[in-house]
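Structure first, then comments.
The values are calculated or read from the model by the stated rules, or taken from the named source; none is laboratory data. Quick caveat: nothing in here was measured; it's all calculated off a predicted structure. Heads up, the Cβs are rebuilt from the backbone with ideal geometry, glycines too, and the neighbour counts pull from every protein chain shown. Note: areas computed on protein heavy atoms with side chains; ligands, DNA, RNA excluded. Shrake-Rupley method; radii C 1.70, N 1.55, O 1.52, S 1.80 Å.
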Amino acid sequence: VQLQASGGGLVQAGGSLRLSCAVSGRTFGSNNLGWFRQAPGRERGFVAAIKWSVGTTYYTDSVKGRFTISKDNAKNTWSLQMNSLKPEDTAVYYCVIGLFCSDTGCGTTSYTVWGQGTQVTVSS
């Protein structure tokens, strides 16, 4: 399985970006898939996820109301619409599949597969 992320870039605070991730090589079934991010000097952290089979979504608190994760079953892709971006959203964003999710958030498992990162930079 391979994941290909796209859509990063440079944007001013308050602006928007849309990240997309395409997957090849497998079907998702009940997989939770989504996005993590890593800012310089910080650990990689959960951003958002979606359950492929039913569309249930999960978000870390800091992006709720600003980011929206969605999926396109026909194209085997999922996207992260990021609005009202803040400088603290600056990070390398990674798309992932094979997450474990609960009401308190999502984490990686032994089945987690990472895509390559895409840089998001928000200027103040």
| said: If I filter segment 44-52 for residues that are without any contact (Cβ under 8 Å) to a residue 12 or more places away in the chain and of a type outside the set (Lys, Arg), do I get at least one hit? | reply: no
| request: Those residues that are in a strand (DSSP E or B), open to solvent by less than 70 Å² (accessible area, probe 1.4 Å) and of a type in the set (S, T, N, Q), I need them from segment 90-113; list them, please. | output: Ser102, Thr109, Thr112
| query | Do you know which residues across segment 27-41 are open to solvent by less than 30 Å² (accessible area, probe 1.4 Å) and either touching an Asp or Glu at 6+ places or on another chain (Cβ under 6 Å) or not in a strand (DSSP E or B) (or both)? | reply | Phe28, Asn31, Ala39
| query | Looking at (1) surrounded by fewer than 19 Cβ atoms within 10 Å (Cβ to Cβ); (2) touching a residue at least 60 places away in the same chain (Cβ under 8 Å); (3) of a type outside the set (A, V, I, L, M, F, W, C); (4) over 15 Å from Gln4 (Cβ atoms), can you tell me which one Gln116 breaks? | reply | (4)
| Considering residues of segment 1-13 that are open to solvent by 50 Å² or more (accessible area, probe 1.4 Å) and within 16 Å of Leu80 (Cα to Cα) only, the residue modelled with the highest pLDDT | Leu10
| field | Filter result (over 12 Å from the mean Cα position of the chain (by Cα) and modelled with pLDDT under 95) within segment 78-99 | value | Gly98
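Per-residue answers, yes or no, for (1) outside any strand (DSSP E or B); (2) within 18 Å of Ser102 (Cα to Cα); (3) open to solvent by 60 Å² or more (accessible area, probe 1.4 Å):
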site	(1), (2), (3)
Cys21	no, no, no
Gly55	yes, yes, no
Tyr58	no, yes, no
Thr68	no, yes, yes
Gln81	no, no, no
Glu88	yes, no, yes
| message | Looking at segment 42-91 only, could you name the residues that are more than 22 Å from Leu3 (Cβ to Cβ) and in contact with an Asp or Glu (Cβ under 9 Å, 6 or more places away or on another chain)? | response | Ser62, Arg66
| Residue list for segment 62-77, filter: under 14 Å from the mean Cα position of the chain (by Cα) and under 13 Å from Ala48 (Cβ atoms) | Ser62, Val63, Lys64, Arg66, Phe67, Thr68, Ile69, Ser70, Lys71
